[in-house]
1. Can you compute 3J(HN,Hα) from phi for each residue in region 146-155, using the Karplus curve 6.51 cos²θ - 1.76 cosθ + 1.60 with θ = phi - 60°, rounded to whole Hz and x for Gly and Pro?
2. Contour minus end-to-end for E42 and M192, with contour as 0.36 nm per residue of separation and end-to-end as the Cα-Cα distance?
3. How many nm separate the modelled label positions at Q168 and T15, each set 7 Å beyond the Cα in the direction of the Cβ?
4. Between the helical axis of 219-230 and the dominant principal axis of the chain, each derived from Cα atoms, what acute angle in degrees is found, rounded to the nearest 10?
5. Which ³J(HN,Hα) values in Hz, rounded to whole numbers, follow from the phi angles of region 49-54 under the Karplus curve 6.51 cos²θ - 1.76 cosθ + 1.60, where θ = phi - 60° and Gly and Pro get x?
6. How do 72-81, 204-213, 49-58, 177-186 rank on mean C-beta neighbours within 10 Å, highest first?
7. Per residue, how large is the accessible surface of the chain? Use a 1.4 angstrom probe and give square angstrom.
8. By how many nm would the segment from K60 to K158 lengthen if fully extended, with 0.36 nm per residue of separation less the alpha-carbon distance?
Amino acid sequence: PYVKTYLLPDLRKETKRKTKPIKKTLNPTFTEILKYEMAESELKEKTLWLSVWDWDRFGKNQFLGEVRVPLSEFDLSTKTEKWWPLTDKDVSHLEDQVSGDLLLGVMFELPGTLHIEVKQARKLRKEHNPNATVDAFVKCYLLPDRHHKGKRKTNVVKNNSSPVWMEQVSFAGLGLAELRTGRVLEVTVWDMHRGSSNEFIGGLRIGCAGSKEWMDSSLEEAGHWNEVLSSPGRWVERWHSLRTTMTSTKAASEGSSVSSRSRPLQSTG
């Protein structure tokens, strides 16, 4: 295993540090110092994100667990040693916890417009009837804004578990610094039910990481966001597995409750 760190909310490569891998052990000892040089007042505003990985020379490294440590809670002038439990793996990427996949293109256009192209989905599955086809549409919010005027959505593609939309929506009047530290793009897929509440199928959150319960992007989701903001004017396209619930995995691991506004299950449009 090896350990990788970032100083949230900054996910640029410049803030990444990592240890050397320790081979063939379940109880590794690293004894390495990873250094960040900045003012203490600036460090106090950061969250140290540590993730543990199983290194694979010939394949994809496997995520083992993570911990997020708010540096504001510590006296940084003295050395602190403490054990932290690693959170479980991101189960939203395990096959039996995924409700399908969504292909999404995102671009940040200067001076301040975020463009989203909802391309297509594949193998959409409803929780209570996984073999049924769906009348699917997609909704987008740029959190923390959940007002009706902040909602964007696609047309409905009927009777298709692998719908193709190829539709674009956008959010204007945004700053790059704002997107780096305080915004998350929430994208959810729904099955339209005429005359009753629409049924939630799955979703994802692409955005900055931080202390808020809705700032719970996975490494893959956060990586997409970071690449978008690092290359203004260029479309960045990726497939994402859809979570079966939008309950914050971070809040759940801390034992705190998440409001229904952060856990969409039903919708009227």
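The values are calculated or read from the model by the stated rules, or taken from the named source; none is laboratory data. This one's a predicted model, so the numbers in the text were calculated from it and none came from an experiment. Note that we place each Cβ from the backbone using ideal geometry, even for glycine, and neighbour counts take in every protein chain shown. Only protein heavy atoms, including side chains, enter the accessible area calculation; ligands, DNA and RNA are left aside. Shrake-Rupley method; radii C 1.70, N 1.55, O 1.52, S 1.80 Å.
1. So the J values, rounded to whole Hz, are 10, 5, 4, 5, x, 8, 10, 8, 8, 6.
2. On the way: separation 150, 0.36 × 150 = 54.00 nm, distance 4.65 nm.
Gain on stretching E42 to M192: 49.4 nm.
3. Here the modelled spin labels are 3.0 nm apart.
4. Tilt of helix 219-230: around 90 degrees.
5. 9, 10, 10, 10, 10, 8
6. My ranking of the peptides, most packed first, is 204-213, 177-186, 49-58, 72-81.
7. Values: 15120 Å² over 269 residues.
Roughly 56 Å² per residue, with all protein chains present.
8. Working: separation 98, 0.36 × 98 = 35.28 nm, distance 3.67 nm.
Full-extension gain reported as 31.6 nm.
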